[in-house]
Each structure stands twice: as C-alpha cells, then as structure tokens.
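Undergrad: Here you go, one structure.
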Amino acid sequence: DGVEDRNLEDAIYAFGFGNRCSYVKPFGAGHINETYAVYMPGEGGDELAYVLQRVNSNVFKDPAGVMDNIFGVTEYLRNVIRREGGDPDRETLSYIKTKSGCNYFEDSEGEPWRCYNFIPDSVCYQLVEEPEQFYQSGSSFGHFLKQLSDYPASKLNETIPDFHNTIRRFEAFQVALKRDLKNRADSCRPEIDFVLAREKDCGVLVHQQDEGILPLRVTHNDTKLNNILFDEKTGKGLCIIDLDTIMPGLAANDFGDSIRFGAATAEEDEPNLDLMHFDISLYELYVKGYLEETKDVLTEAEIGSLPWGARLMTLECGIRFLTDYLQGDTYFKTDYPEHNLIRARTQFRLVDEMEQQFERMQEIVQKYTK
Ligand code: ADP
Ligand code: MG
Ligand code: MG
C-alpha cells in the first residue's frame, strides 16, 4: 500500500541510492524481515548490488544494539581480512551507513531498515548433503572465531539476555512444571524426570563462565550451514552471514549448537525416535574442521568444554521445548498439540547418546588438538 511504498522509497534515499539505483524488488522468502534486492547499473547491465531489509522490531527488541554489534564486528573483520590478504568485500558482510551516518534508518512508522552488500558468485546450502560440508562448516565457524579472537567480546550488547544461561532455562522449566497450566505434566513424566536428573549438569558451563575459567568470545548463535556462503568457484567457505544474534558467549555454545542439529540423523521433530541418533562420525568431522582453525587460539579449558557444549546445548534446547509444552505452546510454533513434546524427546535422545559416548567425544577433541 501507499505507506509501505513511501517507507521503501524513503529508505532507498536514506542509504544514498536515490536516482542511482536501477530498480528494487522483493528478495528471498524470509518470514521475519521484509527484504528487498537493490539493483545498480553495472558493466554488463543491472546488477544485484545490495540487500535492503526492514527489520521486524517485534522479533528484534533492540535493533540499535543489534546493529551496533554487527557494525563493530564486521568493521573489525574487514581489517583482519585485509591483513590475511583476503578480500574484505567478499569475506564478510559490509553494512552500509545512511547518508547521515547512522547504522540504520528509522521509517515514518519507527521501523528500522538496514542495508548490506550482496555477495555475488556465492552459493548457500540448506542442509548437509555431503559429510564434507559439515567439515567445511566447522572450519568456517572456527575461522570466524579465530578472526575475532582478540575482539573485546564483553563490549558487545547482550541483545537477548541469558540466551544460553542453562541454569535460568532450568529454573524457567521448574516454574512451568509447578504451574502446569495445561495439566500436561502427567503426559510427560519420563521427560520431566530426565530433566530433573540433570539439574547439576545445567551449571557446568555457566559456573566456569562466572568464575572466569572460560573466557567470553564473540558468538554467532545461529551456526547453521545456511548461514555460510560458499565461493561458487573454489567451493570453499567464504563468508559468515546472518549476524543478528552476535553476542558475547562461550565458544562451547556455538560449537555445541552446531553439533546439536548437524550431527543428528533425523529432524528435530521426528516422531519416530528409532530414527534419531547422535552420529559421532559427523561430530568428528566438525571437530576436525573447527579445531584445525582454533586449536592455537582456544584455551585448554575451552577445548575441554567443547564436548560439554554439545551435551548442554542439546539438553538446554530440549528443556526449552518441554517448558513450552508445559506452558501451552506460547513460544515455538506448533502444528499439533504434542509437537513440542516430540521435539523435546528427540533432543533428550541425543543427550542420552552423547552421555553414553562422552569419553569418546572427549578423546576426539584431544586427537585434533595435537
Ligand atoms: P534469515 O535470518 O532469514 O536466515 P539470512 O541473512 O540468513 O536471513 O539470509 C537468507 C538467505 O539469503 C541466505 O541463506 C542466503 O542464501 C541469502 N543471502 C543473505 N545475504 C546474502 C548476501 N550478502 N549475499 C548473497 N546471498 C545472501
Ligand atoms: Mg539465515
Ligand atoms: Mg537471521
């Protein structure tokens, strides 16, 4: 409608494209943000040059904090990439400031817009089709950590407070269990007991963080394969994207979350638990790629924390699904009443298998540290 068109046009002018830009059209199929492709005249005709996005401020409660983190990290990365002899225009996202020098533009309805360069000749994979890609994924996110190893992580805004505070997640579960608003507790006693038996585990990483044994790192917090762009020509990992959830955190958090979904043999909501397993050979591939990049950067304590990260990110995720089930499905989107319970079960299956193979998981980490 008219207001929307006007906001889009205002944004195009705010970022200084104005008359220079050839045309703008909707880009991708995101469910959260409104995204547009900005075409500029190039040598061989019009080229997709920028991605322009109206951020959903219901989801991102602190857009200024998010953009501050993104600018801090990407500008730092550009210098690191230059020193490595790489191409800063391809190996990190370049966010563009408005003509008046702001990190983002606020439209007439107070909604934030931001803009970054499109990276041509790159590909993106939705899911791991070849085990090699999971190795590449470990290598790319390891490299990202290494590039940012001297970045002052404590200066980053914690835009989602307590995101991986597993103790807080456990407490929220206890509250939901006590209230039992939907009288669902009776339908999930084994799962409840599974969580209650692991209260102590929930503190393993949080305590080491509080005591300063584990340092704060720049964490990405959405370390999926489809958040890596690969170079179309070389096939190598090129650029980490989707930087909205960058926050201070533990290396074990990002590592663990990658393992949680990447080393699983079935979907998160697979109802047939016989299909859900922790694949330790996939785990090994990720460890190899990750530690090849990070073994000289991570502390000994951090390296030791990685297998715990896998266990606890998976446990935490299962706890969140079970909590939401007990609360009546208010957070995660569900397609049927047991959806969150099914999800919790797959996560607990993975946790159970990781616990059984924990020594082997630790040996694998040691093997690639040498
Ligand atoms: P979401 O938060 O919706 O996952 P992303 O930032 O990950 O949004 O972008 C969605 C998809 O758009 C990516 O998986 C990738 O395929 C493509 N994409 C995003 N940014 C770029 C870019 N700078 N250059 C090329 N493709 C991109
Ligand atoms: Mg993404
Ligand atoms: Mg995102």
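Undergrad: Share of antiparallel DSSP beta bridges in the range 34-100, in percent to the nearest 5? Could you put the intermediate results ahead of the total?
TA: On the way: 9 of 9 bridges.
For the range 34-100, the DSSP antiparallel bridge percentage is about 100.
Undergrad: Something else about it: Given a cut-off of under 8 Å on Cα pairs at least six residues apart, what relative contact order in percent is computed for the chain?
TA: Numbers: 605 pairs, mean separation 64.4, N = 370.
Normalised by residue count, the contact order of the chain is 17 percent.
Undergrad: Something else now. May I ask for the net charge around Asp107, where only other residues with Cβ less than 9 Å from the Cβ of Asp107 are counted and Lys, Arg are +1 while Asp, Glu are -1?
TA: Working: positive: Arg6, Arg54; negative: Asp10, Glu106, Glu109, Glu111.
Overall, the nearby charge balance is -2.
Undergrad: Compute a Gaussian network model of the chain, connecting alpha carbons closer than 10 Å, and tell me which residue from Thr334, Thr294, Thr92 fluctuates the most.
TA: Residue with maximal mean-square fluctuation among Thr334, Thr294, Thr92: Thr334.
Undergrad: So if the hydrodynamic radius of the chain is defined as the Kirkwood radius over C-alpha pairs, what does Stokes-Einstein give as its diffusion coefficient at 25 °C and 0.890 mPa s, in µm² per second?
TA: On the way: Rh = 22.0 Å.
For these conditions, the coefficient is 111 µm²/s.
Undergrad: Before rounding to the nearest 500, sum -39500 (n - 2.57) across all DSSP H runs of length at least 4 in the chain and divide by the residue total; then give [θ] at 222 nm in deg cm²/dmol.
TA: Working: 12 runs with 167 residues, N = 370.
Only helices count here, giving -14500 deg cm²/dmol.
Undergrad: Select from Leu326, Leu148, Leu275 the residue whose mean-square fluctuation is largest in a Gaussian network model of the chain (Cα-Cα springs shorter than 10 Å).
TA: Residue with maximal mean-square fluctuation among Leu326, Leu148, Leu275: Leu275.
Undergrad: Around Cys239, what is the net charge, scoring Lys/Arg as +1 and Asp/Glu as -1 over all other residues with Cβ under 13 Å from its Cβ? Present the calculation step by step, with values, prior to reporting the outcome.
TA: Working: positive: Arg78, Arg90, Lys236; negative: Asp87, Asp89, Glu91, Asp121, Asp231, Glu232, Asp242.
Every neighbour counted, the sum reads -4.
Undergrad: Based on the Cα gyration tensor of the range 276-370, what are the three equivalent ellipsoid semi-axes, each the root of five times an eigenvalue, rounded to whole Å and given largest first?
TA: In descending order, the three semi-axes are 31, 13, 11 Å.
Undergrad: Further question on the same structure: For the range 191-231, compute the orientation-averaged projected area of the C-alpha convex hull (one quarter of its surface), in nm². Spell out each step's value before the answer.
TA: Numbers: hull surface 20.1 nm².
Mean projected area of the Cα convex hull: 5.0 nm².
Undergrad: In what order, largest first, do His220, His277 sit by accessible area if the probe radius is 1.4 Å? Kindly include the intermediate steps, with their values, before the conclusion.
TA: Working: His220 0, His277 70 Å².
The most accessible residue leads, giving His277, His220.
Undergrad: Then there is this: What is the angle, in °, between the Cα long axis of helix 131-147 and the longest principal axis of the Cα atoms in the chain? Nearest 10 is fine, range 0 to 90.
TA: 70 degrees
Undergrad: With a 1.4 Å probe and all protein chains left in place, how much of the accessible area of the range 2-120 comes from carbon and sulfur atoms, in whole percent? Each step should come with its number before you reach the end.
TA: Working: 2890 of 6150 Å².
Its accessible area is 47 percent carbon and sulfur atoms.
Undergrad: What is the angle, in °, between the Cα long axis of helix 251-262 and the longest principal axis of the Cα atoms in the chain? Nearest 10 is fine, range 0 to 90.
TA: Taking Cα atoms only, the helix is inclined about 80 degrees.
Undergrad: Related question: Which angle between 0 and 90 degrees, to the nearest 10, do you get for helix 339-356 versus the longest principal axis of the chain when only C-alpha atoms count?
TA: 70 degrees
Undergrad: Summing +1 for each Lys or Arg and -1 for each Asp or Glu, what net charge is found among the other residues whose Cβ lies under 15 Å from the Cβ of Ala11? List each step's numbers first, then the result.
TA: Details: positive: Arg6, Arg20, Lys25, Arg54, Lys97, Lys99, Arg114; negative: Glu4, Asp5, Glu9, Asp10, Glu34, Glu106, Asp107, Glu109, Glu111.
Surrounding charge for Ala11 is -2.
Undergrad: Under a cut-off of 28 Å between alpha-carbon atoms, report the lysines in cross-link reach of Lys333, not counting same-chain residues fewer than 8 places apart.
TA: Here the lysines satisfying the reach criterion relative to Lys333 are Lys61, Lys178, Lys182, Lys224.
Undergrad: Over all pairs of distinct alpha carbons, what does the Kirkwood formula give as the hydrodynamic radius of the range 18-107, in Å? Please report the intermediate quantities before stating the final value.
TA: On the way: mean 1/r = 0.0668 Å⁻¹.
For the range 18-107, inverting the mean 1/r across all distinct Cα pairs yields 15.0 Å.
The values are calculated or read from the model by the stated rules, or taken from the named source; none is laboratory data. Bear in mind the structure is a predicted one, so any value in this text is a computation, not a measurement. All Cβ positions, even for glycine, are placed from backbone atoms using ideal geometry, and neighbour counts span all protein chains on display. Side chains are part of the model used for accessible areas, which takes the heavy atoms of the whole protein and leaves out ligands, DNA and RNA. Shrake-Rupley method; radii C 1.70, N 1.55, O 1.52, S 1.80 Å.
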